[in-house]
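The values are calculated or read from the model by the stated rules, or taken from the named source; none is laboratory data. Please read these numbers as outputs of a predicted model, since none were measured by experiment. Every residue, glycine among them, receives a Cβ derived from its backbone with ideal geometry; neighbour counts consider all protein chains shown. Ligands, DNA and RNA are excluded from the accessible area calculation, which covers all protein heavy atoms including side chains. Shrake-Rupley method; radii C 1.70, N 1.55, O 1.52, S 1.80 Å.
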Amino acid sequence: MAAQKTLLLLCVGVSLAQDFITSEQFNKIEQRLRAAEETLKELKVENEALRIFTKALSEKHESMQAENEVKKIAFSAGFLASGSQQFGPFDVRKTLVYQKVFTNTGNAYNPDTGVFTAPLNGVYFFRFYAHSHGGKQMAVSLSKNDQTQCSVFNEKPASNGNASNGVVLSLQKGDKVYTELWSNSWVFDNESSFTSFSGFLLFPL
Ligand SMILES: *[C@@H]1O[C@H](CO)[C@@H](O)[C@H](O)[C@H]1NC(C)=O
Ligand SMILES: *[C@@H]1O[C@H](CO)[C@@H](O)[C@H](O)[C@H]1NC(C)=O
């Protein structure tokens with residue numbers, strides 16, 4: 001502002017030097033100077049508002065990016081990491097721990113326990129597939145916390161059995177989803193991953 005004043009005063013000086021300035025002319029120059037000062041003040045206010053707005057916008061963008069990272073939840077795992085096995089039978093229900101992790105974006109599935117823990121409130125889709133060899137009962141259920149949601153069952157198939165089920169579940173953050181082998185049952189798996197478990201977030205709530 002000081003520079004502008006100096007400039008204007010210089011102009012005044014030049015005018016004065018050229019010929020005498022009337023008080024009317026002087027008033028006009030003063031008015032213009034005031035108007036310029038006002039405009040400058042307004043611009044400064046506007047500039048400050050823009051700065052605050054840009055900062056808020058960039059903060060919002062960052063938090064949206066972080067939120068989107070959290071929303072990426074999907075996993076898929078086969079039962080055995082290698083080799084082949086007839087798994088079972090047990091006297092009690094046994095949580096199936098799928099060890100061959102294909103995808104675990106968001107790390108909500110734990111390959112040490114076989115349990116998926118919802119990282120946020122939302123609607124999720126789960127499916128599981130089980131394979132068994134002939135003469136053996138195959139029975140697997142999917143549970144949410146302590147409650148069975150859906151199951152597959154194959155009573156001693158002649159040669160071998162396949163079964164699959166899937167469910168859309170509304171979960172609260174921290175809810176646990178896993179599959180269990182029933183007592184006195186078997187599942188079979190080998191490198192072909194006949195027995196598997198998958199899930200993903202459809203949308204947050
Ligand atoms: C089960 O699935 C396997 C692999 O696709 C297949 O070879 C087999 O024939 C199926 N069993 C039955 C009883 O359909
Ligand atoms: C895996 O198991 C299936 C079904 O029991 C069998 O047909 C296949 O030969 C096995 N594959 C390997 C690599 O062991």
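Annotations
- Contour minus Cα-Cα distance for H133 and L50 (0.36 nm per residue): 22.9 nm
- Fully extending the segment from S84 to N162 would add 26.5 nm, taking 0.36 nm per residue of separation and subtracting the current Cα-Cα distance.
- What a 1.4 Å probe finds exposed on the chain is 55% carbon and sulfur by accessible area, rounded to a whole percent.
- Pairwise FRET efficiency - N121 versus M64, Cβ, R0 = 22 Å, nearest 0.05: 0.80
- Over the chain, dividing the summed -39,500 (n - 2.57) contributions of all DSSP H runs of at least 4 residues by the number of residues returns a 222 nm mean residue ellipticity of -11500 deg cm²/dmol.
- Sequence ranges 162-175, 186-199, 136-149, 44-57, ranked by mean other-Cβ count within 10 angstrom, highest first: 186-199, 136-149, 162-175, 44-57
- Estimated inter-spin distance, K173 and N190, nm [label 7 Å along Cα→Cβ]: 4.5 nm
- Surface per residue (accessible, 1.4 Å probe) for the chain, Å²: 61 Å²
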